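Engineer: Input: one structure, supplied below.
Every number here is computed from the coordinates shown, using simple stated rules; none is lab data. All of these numbers come straight from a predicted model, not from anything done at the bench. A quick note on method: Cβ atoms are made from the backbone with ideal geometry, for glycine too, and the neighbour counts reach across all protein chains shown.
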Amino acid sequence: MLSSLKTIGRNWHFMRMLRVVLAIAILVQSWYAKDSTTAIVGVLLLLMGVFNIGCCGASGCYTPVKKNKKASPNDPVYEEVV
C-alpha cells in the first residue's frame, strides 16, 4: 500500500499528465452522455495515469539487443545494383 502511494507522487511527466487530463475529459463526457462503456475506458485511463502503469506492464515491451556475430564464409554477400 505504501509503495503505491509513493508511486502516485513521483515521476510526473508529460504522458502521465496527458493520460490524467484525457481521462477526466472522457469521464465528464461519459457522464453527460450517460454512457457506461466510455466511463470504463475513462476509469482505466485514469488509473494508468495516476499509478503510472502502461499496457505492457513491467518491461513487457522490452526487446533484447542482438549482438553482432562474426560473418562466416557461408553468409551471402549482397551488392546494390543501380
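Engineer: What value does the range 2-51 have for Rg/Rh, both radii from Cα atoms and Rh as Kirkwood defines it?
Structural biologist: We get a ratio of 1.07 for the range 2-51.
Engineer: I'd like the Karplus ³J(HN,Hα) series for the range 35-46: coefficients 6.51, -1.76, 1.60, θ = phi - 60°, whole numbers in Hz, and an x wherever there's a Gly or Pro.
Structural biologist: Going residue by residue, I get 10, 6, 5, 5, 5, 5, 4, x, 5, 4, 5, 5 Hz, with x marking Gly and Pro.
Engineer: Give me the extension gain from Arg10 to Ile53: residue separation times 0.36 nm, minus the current Cα-Cα distance, reported in nm with one decimal.
Structural biologist: Values: separation 43, 0.36 × 43 = 15.48 nm, distance 1.25 nm.
Net length gain for the segment: 14.2 nm.
Engineer: Evaluate the distance, in nm, between pseudo-label points positioned 7 Å from the Cα of Asp35 and of Glu80 along their respective Cα→Cβ axes.
Structural biologist: 4.9 nm
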